[in-house]
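The values are calculated or read from the model by the stated rules, or taken from the named source; none is laboratory data. If you're wondering where the values come from, they're calculated on a predicted model, not measured in any experiment. Note that we place each Cβ from the backbone using ideal geometry, even for glycine, and neighbour counts take in every protein chain shown.
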Amino acid sequence: MTQGVSVLVVDDEPAFREGLRQALKQEGFVVHLAADGEEALEVWRAYHPDLILLDVMLPRLSGIDVCREIRAVDETPVIMVSARNEEIDAVVALEVGADDYVTKPYRVRELIARMRTVLRRSAASASPELPPGMLEVGGLVLERERHEVRLAGELVQLPLKEFEVLALLMENAGLVVTRQTLIDRVWGYDYVGDTKTLDVHIKRLRSKVEDTPETPERIVTIRGLGYKLTAH
């Protein structure tokens, strides 16, 4: 199993492709690159990526045409990217089946948040419908409104921060969630305390949801990046 999902980045600007490749790799994604529409289709057929970041304006074959061709046979999530802020581009992109539309320039963290949202939506559409506010991953069930977590039907008592850490990991099940993302989302963007606080909470979580906390299989450390929740 890879450290993260695979992403195909399609853009005709080499500096942009390489910069985004580095940023996504740091978040645990496996990244494939293509410089034009025809190459995008070749890479898509060869690697079957989990998500495609697709520029609208491309040589040889436009991003719109690439998206249309993919949608004719496949439901791979597609986020269209454009340097132009024209409503018509967004409308056309969504009409041919894109899942989201982003305008350059954008913040990488915002883009990654959108990617995770699209991936969660895609996973949810392929899974049985769950009530709003409920998450389920490999025998773990989390209910936000009740502030309850159950493992194999048994109630697991979690204080607020541990609950929020687990919820974020479950929302991104199978994906790497970086340490910085966990700290920002759970403790706040202005948090200036000891980052070892996160390690303490992860250790406590593992003691409650792992069969053998010393060799965790649910909450896995991705060295140098962060943590990933698996279906065990």
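General observations
- Residue match in the stretch 48-58 (condition: of a type in the set (Asp, Glu) and surrounded by fewer than 19 Cβ atoms within 10 Å (Cβ to Cβ)): no
- So Gly224, is it in the same structural domain as Leu151 (by TED's automatic domain parsing), at positive phi and surrounded by 13 or more Cβ atoms within 10 Å (Cβ to Cβ): no
- Some residue of the stretch 125-143 being at pLDDT 80 or above and of a type in the set (S, T, N, Q): no
- The stretch 4-42, subset of a type in the set (Lys, Arg) and more than 13 Å from Asp55 (Cβ to Cβ), residue farthest from the chain's Cα centre (by Cα): Arg21
- When we screen Ala173, Ala167 for residues that are modelled with pLDDT under 85 and either within 18 Å of Val220 (Cα to Cα) or crowded, with 18+ Cβ neighbours inside 10 Å (or both), the only hit is Ala173.
- Given (1) within 21 Å of Arg120 (Cα to Cα); (2) in contact with a helix residue (DSSP H, G or I) (Cβ under 7 Å, 6 or more places away or on another chain); (3) of a type outside the set (Val, Ile, Thr), index of the condition Ala173 fails: (2)
- Of all residues in the stretch 177-218, those satisfying the criterion of being touching a Ser or Thr at 6+ places or on another chain (Cβ under 8 Å) and under 22 Å from Leu24 (Cα atoms) are Arg179, Ile183.
- Boolean, Thr215 is at pLDDT 85 or above and in a loop (DSSP other than H, G, I, E, B): yes
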